[in-house]
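The values are calculated or read from the model by the stated rules, or taken from the named source; none is laboratory data. The shown structure was predicted, so the numbers you read here are calculated from the model rather than taken from an experiment. Please note: Cβ atoms are built from the backbone with ideal geometry, for glycine as well, and neighbour counts cover all protein chains shown. Heads up: the accessible areas ignore ligands, DNA and RNA and are worked out on the full protein's heavy atoms, side chains in. Shrake-Rupley method; radii C 1.70, N 1.55, O 1.52, S 1.80 Å.
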There are 2 protein chains.
Amino acid sequence: MRKVDTFRFGTTVSQVCIQSEVPALDELFTGDQVSPGGVLLVCDTNTASLARNIRGDLPICTLPPGETSKGWASIEVILQAAKAAGLGRDGFFIGIGGGVVTDMTAFAASVYMRGARLCLVSTTLLGMVDAALGGKTGFDLFDMKNLVGTFYPASRIFMPIEALKTLPRSEWKSGMAELIKTAVLDIDDQDGEFWSLLSALQRVFIEEQFPQNLGELDRIVACISRSVRVKGRIVEADPHETGEVRMLLNLGHTFAHALESVAVLGRLSHGEAVAWGIVRACELGCALGITPEDRAAAISGLLRAFGYETAAPHPMMQDRETFMRALGGDKKKKGGTLMFVVPGPKGAQLVSAALIGQTLLTRIIDGGYTHEHQ
Amino acid sequence: MRKVDTFRFGTTVSQVCIQSEVPALDELFTGDQVSPGGVLLVCDTNTASLARNIRGDLPICTLPPGETSKGWASIEVILQAAKAAGLGRDGFFIGIGGGVVTDMTAFAASVYMRGARLCLVSTTLLGMVDAALGGKTGFDLFDMKNLVGTFYPASRIFMPIEALKTLPRSEWKSGMAELIKTAVLDIDDQDGEFWSLLSALQRVFIEEQFPQNLGELDRIVACISRSVRVKGRIVEADPHETGEVRMLLNLGHTFAHALESVAVLGRLSHGEAVAWGIVRACELGCALGITPEDRAAAISGLLRAFGYETAAPHPMMQDRETFMRALGGDKKKKGGTLMFVVPGPKGAQLVSAALIGQTLLTRIIDGGYTHEHQ
């Protein structure tokens with residue numbers, strides 16, 4: 001099984017390969033010679049064995065797992081390993097792991113000698129449907145989400161389905177919300193095929209197991225593939241988010257980032273925050289007359305069916321002042337004005353915060369809107 | 001007096017304004033509104049008063065002067081100031097100073113929220129003829145020159161000639177070598193006009209004074225303007241140095257970087273190293289039959305006339321092992337092979353180190369070649 005899609009993000013061509021297995025070294029370089037400028041594999045302790053399987057004698061840089069790696073200190077570790085491995089500016093960084101590893105590897109590659117070559121092997125659902133595709137790299141600084149980053153698409157992105165076999169339930173849950181978000185954005189899903197595929201995944205998801213059943217495996221591959229295409233087309237239209245198209249991918253994220261900023265570290269996954277944020281965006285859209293009530297109900301219903309906390313206020317939201325400050329400080333701004341994304345009759349659209357009364361926003365965040373409409 | 005040139009570096013349009021005075025705030029934003037996404041001025045202690053003159057009530061981030069500022073710590077200082085100033089991704093970073101300030105401001109802008117807007121006011125000769133134009137940003141790490149960096153051209157670059165009035169002699173000397181280098185690369189200088197302009201600058205240079213004489217001032221402006229055009233055209237042809245055109249700007253730099261790596265910090269300016277490196281490149285070119293002997297003599301002669309140390313071995317070259325290691329570790333590589341740039345019958349061309357015997361290289365570095373040909 002191998003599905004290949006090619007996108008053009010600005011001046012970079014990104015090829016995505018969804019396939020059964022983690023690629024071997026020669027597959028990573030199909031069409032190129034094995035890089036004469038050198039190769040560095042970057043992984044975390046979760047993916048170190050995958051990296052060694054690609055080829056054990058290549059230099060490997062292993063980061064500690066998780067969000068703690070997201071900072072300049074880890075970037076220095078990667079850059080130092082690259083220098084020690086003798087990478088030239090035509091050398092290859094290969095990042096193997098989830099979103100943190102691929103974001104960090106991509107940022108390091110983007111600044112190493114002003115930009116080296118980059119290939120990513122995404123090993124988590126969240127990575128496949130979001131982080132690995134589209135060129136966003138970066139890390140948090142001074143308590144601001146991705147304050148530091150670059151646009152630097154990988155030339156090749158591999159999505160080996162076998163890597164999902166050992167994914168813990170929390171990781172599935174984190175990725176699924178982004179998958180549902182992408183389905184909401186899919187303006188070509190007139191017949192609801194993507195939506196039906198997703199709905200059918202509930203059983204797998206609830207049973208916490210990698211599907212043994214080939215039909216279900218096919219459905220997962222189809223969802224990832226469809227999601228890649230939807231996100232890829234959006235990024236192609238606006239690779240550097242200079243227009244308004246790419247901002248649509250932030251559906252639910254303005255609320256989600258604010259929630260993440262008040263949550264206890266490690267107690268809330270990105271996907272859980274996004275799921276909660278999408279429901280808030282639906283409520284906002286309904287209140288503004290943009291989101292049809294039945295669409296909002298379908299979206300919230302599917303998220304609840306997957307076990308996400310969708311009620312407001314969120315149990316982790318005690319610190320409301322920090323939450324509101326984070327909501328106002330989000331970097332998705334145009335001309336100094338915060339932008340929200342809400343589902344439309346199909347797809348989604350942008351709404352300037354200038355058009356939204358503070359009373360409405362407070363009511364949504366405090367759960368007032370939910371209660372009135374249930 | 002105002003000379004405007006416009007270049008297209010990849011997807012960015014860079015406008016260069018050579019003018020008498022430091023621009024006022026409204027000039028910085030001609031054609032734009034004053035940025036609704038916020039403005040941050042970045043300077044060092046040498047240029048703080050210029051920054052305040054632009055407008056005193058804007059947020060200003062002041063770095064310590066000189067090479068000590070070139071590191072991640074300073075980038076964090078700039079990013080923190082930008083966040084405190086409330087800059088959005090559509091906010092403007094304005095860097096005012098020499099090469100260090102403009103390199104650091106440009107790097108910070110390139111990674112702030114994945115790329116904010118950038119305007120530079122270059123206040124040194126070296127900055128005007130080299131650092132500020134063409135989008136190279138970055139800083140050293142792990143003893144490697146510009147190991148970390150991005151390509152991020154400013155949308156506007158101002159070169160206020162009045163800023164040169166207070167330039168110390170050492171700064172003139174550092175810039176002049178790059179100016180001579182650019183004249184060597186100028187394939188359109190058939191009539192030798194650029195070369196004659198430069199030669200005529202010797203008196204100003206030796207007398208260490210900002211020219212009071214309008215004719216001499218005009219000559220300096222003409223040299224800077226010509227240099228901007230030569231460099232601009234080269235960068236337009238190869239903005240990300242993916243081809244071989246932009247590498248030509250490294251004439252003398254492979255030798256210069258190696259020399260800088262063994263020199264006592266602060267005892268050798270970049271220009272002095274480049275001047276010495278250009279003479280080595282001339283010798284290499286002559287030995288390979290690429291550089292005509294009379295052209296090599298003219299280039300070396302002009303550099304000596306400006307008071308540069310051109311003899312090999314250089315007095316600061318005691319540590320030859322470190323020098324040779326640095327020469328081999330330079331990042332100007334293609335396919336893992338070091339590249340040298342040597343003057344041709346006109347302009348310059350690339351030579352792969354693979355074609356150069358170690359014996360020849362050693363002879364040039366040790367001064368054997370100079371002695372044989374004098």
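Things worth noting here:
- Residue identified as acidic (Asp, Glu), open to solvent by 10 Å² or more (accessible area, probe 1.4 Å), under 29 Å from residue B:348 (Cα atoms) and not in a strand (DSSP E or B) among B:171, B:162, B:178: B:171
Residue-wise test of (1) within 17 Å of the chain's Cα centre (by Cα); (2) within 14 Å of chain B (Cβ to nearest Cβ); (3) touching a residue at least 12 places away in the same chain (Cβ under 8 Å).
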residue	(1), (2), (3)
A:235	yes, yes, yes
A:240	yes, yes, yes
A:245	yes, no, no
A:248	yes, no, yes
A:256	yes, no, yes
A:259	yes, no, yes
A:264	no, no, yes
A:275	yes, no, yes
A:279	no, no, yes
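- Hey, residue A:79 touching a residue at least 12 places away in the same chain (Cβ under 8 Å), within 14 Å of chain B (Cβ to nearest Cβ), farther than 30 Å from residue A:264 by Cβ and touching a helix residue (DSSP H, G or I) at 6+ places or on another chain (Cβ under 7 Å) or not: yes
- Condition check for residue B:127 on (1) within 13 Å of chain A (Cβ to nearest Cβ); (2) modelled with pLDDT of 95 or more: one failure, at (1).
- Among residues of the stretch B:96-113 that are in contact (Cβ under 8 Å) with a residue 40 or more places away in the chain, those with a beta-carbon under 7 Å from a residue that is part of a helix (DSSP H, G or I) and of a type in the set (Ser, Thr, Tyr) at least six positions away or on a different chain give the pairs B:100/B:69; B:104/B:69; B:104/B:74.
- Sole residue being more than 28 Å from residue A:83 (Cβ to Cβ), out of contact with any Asp or Glu (no Cβ under 8 Å at 6 or more places or on another chain) and not polar (S, T, N, Q), chosen from B:365, B:299: B:299
- On inspection, residue B:114 does not qualify as surrounded by fewer than 24 Cβ atoms within 10 Å (Cβ to Cβ), at the interface with another protein chain (Cβ under 9 Å from one of its Cβ atoms), in contact with a Lys or Arg (Cβ under 8 Å, 6 or more places away or on another chain) and on the phi < 0 side of the Ramachandran plot.
- Considering residues of the stretch A:62-71 that are at pLDDT 90 or above and open to solvent by 10 Å² or more (accessible area, probe 1.4 Å) only, the residue farthest from the chain's Cα centre (by Cα): A:62
- Sole residue being out of contact with any Lys or Arg (no Cβ under 7 Å at 6 or more places or on another chain), open to solvent by less than 40 Å² (accessible area, probe 1.4 Å) and under 18 Å from residue B:359 (Cα atoms), chosen from B:259, B:327: B:327
- Among the numbered conditions (1) under 30 Å from residue A:116 (Cβ atoms); (2) open to solvent by 10 Å² or more (accessible area, probe 1.4 Å); (3) part of a helix (DSSP H, G or I), the only one that residue B:339 does not meet is (3).
- Pairs, first closer than 14 Å to residue A:177 by Cα in the stretch A:288-306, second open to solvent by 50 Å² or more (accessible area, probe 1.4 Å) and at pLDDT below 95, C-beta under 6 Å, six or more apart: A:305/A:202
- Residue in the stretch A:196-207 that is within 11 Å of another protein chain (Cβ to nearest Cβ) and either of a type in the set (S, T, N, Q) or open to solvent by less than 10 Å² (accessible area, probe 1.4 Å) (or both) present: no
- For the stretch A:130-155, a tally of residues being charged (D, E, K, R) and within 7 Å of chain B (Cβ to nearest Cβ) returns 1.
- So residue B:53, is it open to solvent by 60 Å² or more (accessible area, probe 1.4 Å), of a type in the set (S, T, N, Q) and free of Cβ contacts under 8 Å to residues at least 40 places away in the same chain: yes
- Scanning the stretch A:128-158 for residues that are more than 22 Å from residue B:107 (Cβ to Cβ), open to solvent by 10 Å² or more (accessible area, probe 1.4 Å) and either part of a loop (DSSP other than H, G, I, E, B) or in contact with a helix residue (DSSP H, G or I) (Cβ under 6 Å, 6 or more places away or on another chain) (or both) yields A:130, A:131, A:155.
- Residue among B:215, B:277, B:271 that is within 23 Å of residue B:18 (Cβ to Cβ) and crowded, with 23+ Cβ neighbours inside 10 Å: B:271
- Helices (runs of 4 or more DSSP H) lying entirely in the stretch A:28-124 (those with 3 or more residues that are hydroxyl-bearing (Ser, Thr, Tyr)): A:99-111
- Here residue B:25 qualifies as in contact with a Lys or Arg (Cβ under 7 Å, 6 or more places away or on another chain), over 24 Å from residue A:72 (Cβ atoms) and at pLDDT below 95.
- In the set (1) within 14 Å of chain B (Cβ to nearest Cβ); (2) open to solvent by 10 Å² or more (accessible area, probe 1.4 Å), residue A:91 fails one condition alone, (2).
- Of everything in the stretch A:114-151 that is among the aromatic types (Phe, Trp, Tyr) and touching a residue at least 24 places away in the same chain (Cβ under 8 Å), the residue that is farthest from residue A:16 (Cα to Cα) is A:139.
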